[in-house]
Amino acid sequence: MNRHDASRQLDYIRQSLSQNKKHVGFFIGAGCPLAVRVNETLENGKTVNAPIIPDVAGLTAMIADRLKTPDGSDESLYDRLSNLFVEDLKPKFNIEDALSMIRSMSQVVGRGKVRGFVFEELETLDKSICEIISEIVDKNLPNKDTPYHDLAIWARSLSRDKPVHVFTTNYDLLMEEALEDASAPYFDGFIGSRNAFFDLGAVENERLINSRWLRLWKIHGSINWKLKLPQAGEAASVIRSDKIEPGQKHLIYPSHLKFDQSRKMPYLALMDRLKDFLGCPSSILFMSGYSFSDDHINDIIVSSLKNNPTAMVHAFLFGPLSVAAYEKAVACGKQTPNLVIAAQDKAIIGRREYHWVSADSSETNDTVPGLIQLLEKEHDEDEGRLPCHFNLGDFAKLGLLLRSLSRAELLSIDGE
């Protein structure tokens with residue numbers, strides 16, 4: 001009976017994460033903040049355990065609610081925008097789709113109208129959405145015992161010949177906070193202090209920077225990135241600052257912002273980092289919290305893996321593979337042999353989709369209980385192995401694995 005061996009896969013992942021001579025990277029998606037939960041008191045007085053930051057769907061719903069007119073009598077700018085998606089037979093859209101449409105229309109509207117919107121209305125919508133996003137995701141980690149800290153400490157726990165790369169589509173500052181808590185040095189493409197500037201040359205030549213420094217590539221922007229609008233004799237520029245001043249705007253999801261020199265756009269430069277990483281011999285990328293909803297990123301991953309058969313990507317999905325949101329992940333996995341799609345109940349490995357099984361042994365969860373969860377007491381027909389769940393799609397569980405590896409690496413160093 002055809003099955004994928006979860007124990008063997010976990011051993012391979014452990015070995016890969018313990019490498020200090022290969023290119024190892026992580027991709028942190030919008031689902032990762034859901035693994036960090038805090039107690040919140042609702043208006044009715046009830047306390048709930050909620051994620052520190054909502055996912056894209058939750059963020060979209062919160063923004064839609066805030067941008068409605070107070071009494072609901074008039075149609076808001078956001079409602080008018082939502083109606084355009086309905087007209088286009090795309091009723092299911094998220095806030096990034098909305099920003100893409102707004103910015104696409106802004107580039108061609110001029111002094112006229114595009115689908116009923118004038119330039120000032122589009123600018124107002126863009127600014128309002130980005131301000132609300134910044135307010136919602138501007139959160140601090142509740143303590144120093146989070147998966148983000150586990151990743152940060154793992155990254156600095158071993159002397160490496162190649163730097164660790166962390167790619168993220170998230171706008172929050174959770175990864176930066178964890179790295180700074182862990183005293184783990186990192187480079188994110190910006191140089192400076194008060195108004196750090198984006199340095200394209202340093203980004204494209206990041207291999208010259210000490211491998212001890214983690215690379216943090218925020219490919220959809222960040223709440224502390226600002227677009228400094230052009231002034232007399234100056235070009236537009238991108239800075240990193242905690243304050244937004246007159247003549248600046250938030251740089252969130254910047255894929256459609258236009259510069260005189262498009263190569264200076266952070267989005268393109270940082271997407272190139274992902275291509276470059278996957279083009280390295282024997283590079284390994286671990287993805288968490290990403291559902292493969294971004295076609296552009298999917299295309300880069302699939303095409304890069306096809307061009308570099310020695311590279312490998314492990315995508316950990318939360319929950320069962322049958323979730324509708326994972327259709328694109330399944331499609332990518334079934335056409336790309338060096339892309340592993342690992343959900344809770346099934347995996348696609350070598351383009352083959354099978355259920356998980358594991359050996360009936362106490363060694364299965366030797367260091368991190370819960371990574372592999374045996375489901376039945378009776379043996380499966382496949383060489384005495386049991387059906388199981390593989391739980392690395394939970395970012396919290398992935399953090400525990402990294403914590404165990406950090407401890408083992410430090411013990412090994414002490415032993416020497």
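Here are the numbers:
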item: Gain upon complete extension [residue 352, residue 144; 0.36 nm per residue less C-alpha separation]; result: 71.0 nm
item: Of 115, 160, 240, the one that fluctuates the most in a GNM where the chain has Cα springs shorter than 10 Å; result: 115
item: Efficiency of FRET between residue 135 and residue 68 - r from beta-carbon atoms, R0 22 angstrom, step 0.05; result: 0.85
item: Virtual spin-label span in nm between residue 42 and residue 113, 7 Å along Cα→Cβ; result: 4.2
item: Which listed pairs, of 46/144; 162/249; 139/334; 275/328; 90/144; 22/218, have C-alpha distances above 30 Å, in listed order; result: 162/249; 139/334; 90/144
item: Point-charge dipole on Cβ atoms (K/R +1, D/E -1) for the chain, about Cα centre, debye to 20; result: 1120
item: The chain - share of DSSP beta bridges that are antiparallel (%, nearest 5); result: 55
item: For region 87-119 versus region 337-359, the gap between their alpha-carbon centres in whole angstrom; result: 39
item: Positive-pole candidate from 93, 277, 288, dipole of the chain, charges at beta carbon; result: 277
item: Highest-fluctuation residue, 96, 204, 376 considered, GNM on the chain with Cα pairs under 10 Å; result: 376
item: Region 54-137 shape via C-alpha gyration tensor axes, a/c threshold 1.5; result: rounded
item: Among [x] -0.27, -1.38; [y] -0.34, -1.25; [z] -0.25, -1.24, the entry derived from the coordinates for log10 I(q)/I(0) by the Debye sum over Cα atoms at q = 0.06, 0.14 Å⁻¹; result: [x]
item: Helix axis angle, 295-307 relative to the chain longest principal axis, alpha carbon, degrees; result: 50
item: Ascending count of other beta-carbon atoms within 10 Å, so fewest first, for 208, 401, 392; result: 208, 401, 392
item: Angle in degrees between helix 77-87 and the longest Cα principal axis of the chain, rounded to the nearest 10; result: 60
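Taken together, the values in this text are just the output of simple stated rules run on the coordinates, not laboratory data. Remember, predicted model here, so these are calculated numbers, not experimental data. No Cβ is skipped: glycine too gets one built from the backbone with ideal geometry, and neighbour counts run over all protein chains shown.
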